[in-house]
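Engineer: One structure is given below, represented as C-alpha cells, and several questions about it will come after.
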Amino acid sequence: MTWFRRDLRTRDNPALLDALADGPTLPLFVLDPALWDPAGPSRRAYLVASLRALRRDVPLSVLEGDPVEQVLAAAQEVGATRVHVAADYGPYGARRDEAVEKALAEEGIELVRTGSPYAVAPGRVRNGSGAMYKVFTPFSKAWADHGWRGPVDAPDDPAWRHLKETVDLPDVDLPDGLELPEAGEEAALAAWQDFLDGPLSDYDGDRDRPGVAGTSRMSHHLKYGEIHPRTILADLGQKRSKGAETYRSEIAWREFYADVLHHHPESAREYYRPEYAKMHYDEPDEAFEAWVEGRTGFPVVDAGMRQLRATGWVHNRVRMIVASFLVKDLHVEWQHGARHFMHWLVDGDLASNQHGWQWTAGCGTDAAPYFRVFNPTSQGERFDKRGDYIRRWVPELADPEQVPDPHDPDSDTRDLVGYPAPIVDHKAERQEALDRWNAIR
C-alpha cells in the first residue's frame, strides 16, 4: 500500500516504486480534518483538483478521518504488510506518522519511509560539529556538496488494489474573484518546461520585478509534490547561466527553511529569536483590516494584497514589502500576517511562509536587520518602474492619463479616482519601529 500526502505525482516518486515492487498496491489518500479544517479555500480547492488530476493515472482510494484509524483500516482490508510513504518532516506530519507507525506496528504492519518532499531531507545537512546550520549561505554550500539522487521514472505497468468503499472528493466553492492555477502533475511539468525554455535565462534580473512574468510560479506544484525538486535540479544542472544558479539558490532556501522548522518546530508559531517577543506590538485594528483588504493608500502594498485575494499567490518581492509594512509600519506581530497568508495562499507551505515572515520581521534566521525598513513607495518605484504591476491590481490607478504617477499619486488624483489616502506616515512609523526595537536592545 502507498499513502499519498505531499507527493501527488507518478514520476520521480521512489515511495510509489517501492510499494509496487512489493506487488499489487493500494494507492490511498486520507482527507485529514487536522489539515483540511484550518486550510483556506485556495488550498482546499487546489488539493481536490490535484487529487482529481492524479486519478487520471492512479486509481486513488480516498478516505476521510483520523489517519491513524483510516490508514490501518485500509491496510488491513487489502492485507498489506507494508505501508509506503515519503517521509514528512513538518511538525504535525512527523507526529502523525509516528502515531500511524505505532498503530500499524501493533498489527504487524510496517511503515516504510522512502524519500521526502526535498532534494535533501531535513536534518541531513549539518556543520562540522554535527549541529544544524543557522545561516543560509553555509547551509547552501553544504547542501550543494551533499548532493541528491537523480530523478526516477514513473512506474511501468503498475498493478493496483482497491478498497470496497471510499468517499467522494468534496466540491469546493471558491469565493467570488478568486481564480487558481491548473493543478496536477502534467500542469506542473508543462509549467516547468515553459519556464526552462523562456524566463529562466533572465531570472536573475527579472525575479524581483512583479510586473514581469519572470518567475516560475512552481511553488504550488512543489507544495503538493506534483513535481519533485530533484526533477527541477536535474534540469538546472544542464544549464550554465546566472539565472539557473539563482534559481537553484531559491530551491536551497526552501530546503533551508524546512531544515530550520524540523529542528525548531515551535518556530511555526513562536519567535525564532525569542527576544523579539518582548517588543511592544499593536493589536490588529482598522489599519490591519485596511492591509487585508488592500486599501492602505500605498499602491504596491495594496496591489500585493489584492493579488493574494484574486489568485492565491503573491510575487515574492511583494510578499516582503507587504510583510514589512504590516510589522514595521503598522507594528502588528508577524503571526497575524502569516496566518492571513496561509489562509489564502495556494502555495501555503508552513516552513517557507512562517520563516519568510520572520525573516522580514527581523526575528528569523538570516533575518533582515530590523533597522532595514522597506519604504513601500521607493520599493514600488525601484522594482515596478512603469507601474505595470500596480496598474494591473489596483484598477483605480490603471489609467495613466488620470494617474500619471501610480506609485505616489497626489491627493487630488486620489480623490478623482476614489483611491484612499495613506493610512500612516511611513517616515514617522519607521522611526516608531526603530524606537520600539531600541527599547529591547
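Engineer: Just checking: which of the helices (runs of 4 or more DSSP H) contained wholly in the range 335-441 hold 3 or more residues that are in contact (Cβ under 8 Å) with a residue 60 or more places away in the chain and within 21 Å of D282 (Cβ to Cβ)?
Structural biologist: Once the helices (runs of 4 or more DSSP H) in the range 335-441 are filtered for at least 3 residues that are in contact (Cβ under 8 Å) with a residue 60 or more places away in the chain and within 21 Å of D282 (Cβ to Cβ), what remains is 350-361, 426-438.
Engineer: Something else now. Hey, can you tell me all the residues within the range 153-188 that are within 30 Å of A234 (Cβ to Cβ) and small (G, A, S)?
Structural biologist: Correct list: A154, A159, A183, G184, A187, A188.
Engineer: A follow-up question, please. In the range 128-145, which residues are part of a loop (DSSP other than H, G, I, E, B) and either under 29 Å from W36 (Cβ atoms) or without any contact (Cβ under 8 Å) to a residue 24 or more places away in the chain (or both)?
Structural biologist: Answer for the range 128-145, where residues must be part of a loop (DSSP other than H, G, I, E, B) and either under 29 Å from W36 (Cβ atoms) or without any contact (Cβ under 8 Å) to a residue 24 or more places away in the chain (or both): G128, S129, G130, A131.
Engineer: Counting only residues that are of a type in the set (G, A, S) and touching a helix residue (DSSP H, G or I) at 6+ places or on another chain (Cβ under 8 Å), which one in the range 227-282 is farthest from D153 (Cα to Cα)?
Structural biologist: S267
Engineer: Which of the residues belonging to the range 313-336 are out of contact with any Phe, Trp or Tyr (no Cβ under 6 Å at 6 or more places or on another chain) and not hydrophobic (A, V, I, L, M, F, W, C)?
Structural biologist: Residues satisfying the conditions are H315, N316, R319, K328, D329, Q335, H336.
Engineer: Do we find that S50 is of a type outside the set (K, R) and not assigned by TED's automatic domain parsing to the domain that holds D12 in this structure?
Structural biologist: For S50, the condition - of a type outside the set (K, R) and not assigned by TED's automatic domain parsing to the domain that holds D12 - is not met.
Engineer: Here's a follow-up. Any residue at all in the range 327-336 that's touching a Ser or Thr at 6+ places or on another chain (Cβ under 8 Å), within 25 Å of D405 (Cβ to Cβ) and at pLDDT 95 or above?
Structural biologist: The answer is no, given that none of the residues of the range 327-336 is touching a Ser or Thr at 6+ places or on another chain (Cβ under 8 Å), within 25 Å of D405 (Cβ to Cβ) and at pLDDT 95 or above.
Engineer: Every residue in the range 226-251 that is in contact with a Ser or Thr (Cβ under 9 Å, 6 or more places away or on another chain) and either assigned to a loop (DSSP other than H, G, I, E, B) or buried (at least 22 other Cβ atoms within 10 Å of the Cβ) (or both), please.
Structural biologist: Hits for the range 226-251 are E226, I232, K239, S241, Y247.
Engineer: Looking at this structure, is D168 exposed (fewer than 13 other Cβ atoms within 10 Å of the Cβ) and under 21 Å from D22 (Cβ atoms)?
Structural biologist: In short, no.
Here is a yes/no grid of residues against (1) modelled with pLDDT under 95; (2) touching a Ser or Thr at 6+ places or on another chain (Cβ under 9 Å); (3) not assigned by TED's automatic domain parsing to the domain that holds G225:
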position	(1), (2), (3)
H340	no, no, yes
W357	no, no, yes
P369	yes, no, yes
F383	no, no, yes
D399	no, no, yes
Y419	no, yes, yes
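Engineer: Which residue, of V125, V172, V152, V167, is touching a residue at least 24 places away in the same chain (Cβ under 8 Å), under 18 Å from H264 (Cα atoms) and part of a loop (DSSP other than H, G, I, E, B)?
Structural biologist: V125
Engineer: Here is a follow-up. Among all residue pairs at least 6 apart or on different chains, which show Cβ distances below 8 Å where the first residue, located in the range 281-304, is over 21 Å from R436 (Cβ atoms) and the second is of a type in the set (D, E, K, R) and part of a loop (DSSP other than H, G, I, E, B)?
Structural biologist: Between residues of the range 281-304 that are over 21 Å from R436 (Cβ atoms) and residues that are of a type in the set (D, E, K, R) and part of a loop (DSSP other than H, G, I, E, B), the close pairs are P299/D408; V300/D384; D302/R295.
Engineer: A follow-up question, please. Residues to consider are D7, D88, D97, D57; find the one that is more than 24 Å from W313 (Cβ to Cβ), outside any strand (DSSP E or B) and touching a residue at least 60 places away in the same chain (Cβ under 8 Å).
Structural biologist: D57
Engineer: Which residues, taken from the range 264-287, are surrounded by fewer than 16 Cβ atoms within 10 Å (Cβ to Cβ) and in a helix (DSSP H, G or I)?
Structural biologist: E266, P274, E275, A277, K278, E286
Engineer: Let me ask something additional. Does the range 27-54 hold any residues that are surrounded by fewer than 16 Cβ atoms within 10 Å (Cβ to Cβ) and basic (K, R), and which are they?
Structural biologist: The answer is R52, and nothing else.
Engineer: Regarding G108, is this residue free of Cβ contacts under 8 Å to residues at least 24 places away in the same chain and surrounded by fewer than 14 Cβ atoms within 10 Å (Cβ to Cβ)?
Structural biologist: no
The values are calculated or read from the model by the stated rules, or taken from the named source; none is laboratory data. Here the structure is a predicted model, which means the values were calculated and not measured. A quick note on method: Cβ atoms are made from the backbone with ideal geometry, for glycine too, and the neighbour counts reach across all protein chains shown.
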